[in-house]
Amino acid sequence: MMLATKRSDLIKLMRGNYIDIDNIDKTKMYEIALNFVATLDKDKTGTIEFEEFYEAIADSEDVFLTDYEIKQMFNEIDVSGDGIITLNEISKVLYLVFAE
């Protein structure tokens with residue numbers, strides 16, 4: 001599971017991209033994941049490639065991670081290891097992050 005620091009950075013990244021995560025409940029996880037993918041998915045493929053993920057974190061004023069930490073976070077979310085984050089993968093991670 002994602003380390004606590006990465007969890008807080010993911011939350012900051014979402015808030016920094018104006019994704020509403022306040023008063024979250026399990027029924028809203030898919031909607032939040034959909035908004036997250038839509039916000040970071042610059043090429044409109046419906047998935048998040050590493051470059052898009054990296055750019056979002058690099059452009060964030062609230063998240064400060066090394067290149068290694070960004071890659072590590074991406075790999076933890078990309079459970080399939082295919083180099084892209086799918087809606088399903090981010091949905092599962094958000095559920096775990098907010099269920100804690």
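The values are calculated or read from the model by the stated rules, or taken from the named source; none is laboratory data. Small disclaimer: the values here were computed from a predicted structure and weren't measured. With ideal geometry, Cβ positions are generated from the backbone for all residues, glycine too; neighbour counts draw on all protein chains shown.
Computed quantities for the displayed model
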quantity: Condition broken by F50, with the remaining ones in (1) out of contact with any strand residue (DSSP E or B) (no Cβ under 9 Å at 6 or more places or on another chain); (2) surrounded by 12 or more Cβ atoms within 10 Å (Cβ to Cβ) satisfied; calculated: (1)
quantity: Filtered residues of the stretch 1-20 (kept if of a type in the set (V, I, T) and at pLDDT 65 or above); calculated: I11, I19
quantity: Tabulated pairs, the stretch 76-95, first farther than 20 Å from I11 by Cβ, second part of a strand (DSSP E or B) and at pLDDT 90 or above, C-beta under 6 angstrom, 6+ apart or interchain; calculated: I84/E49
quantity: Given (1) in contact with a strand residue (DSSP E or B) (Cβ under 8 Å, 6 or more places away or on another chain); (2) at pLDDT 90 or above, number of the condition S80 does not satisfy; calculated: (1)
quantity: Output for the stretch 63-88, where each listed residue is in a helix (DSSP H, G or I) and of a type in the set (D, E); calculated: D67, E69, E76
quantity: Residue count, the stretch 63-74 (criterion: among the polar types (S, T, N, Q) and surrounded by 13 or more Cβ atoms within 10 Å (Cβ to Cβ)); calculated: 1
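Per-residue answers, yes or no, for (1) in contact with a strand residue (DSSP E or B) (Cβ under 8 Å, 6 or more places away or on another chain); (2) in a strand (DSSP E or B); (3) exposed (fewer than 11 other Cβ atoms within 10 Å of the Cβ); (4) at pLDDT 90 or above:
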{"residue": "A38", "(1), (2), (3), (4)": "no, no, no, yes"}
{"residue": "G46", "(1), (2), (3), (4)": "no, no, no, yes"}
{"residue": "E55", "(1), (2), (3), (4)": "no, no, no, yes"}
{"residue": "E61", "(1), (2), (3), (4)": "no, no, yes, no"}
{"residue": "I90", "(1), (2), (3), (4)": "yes, no, no, no"}
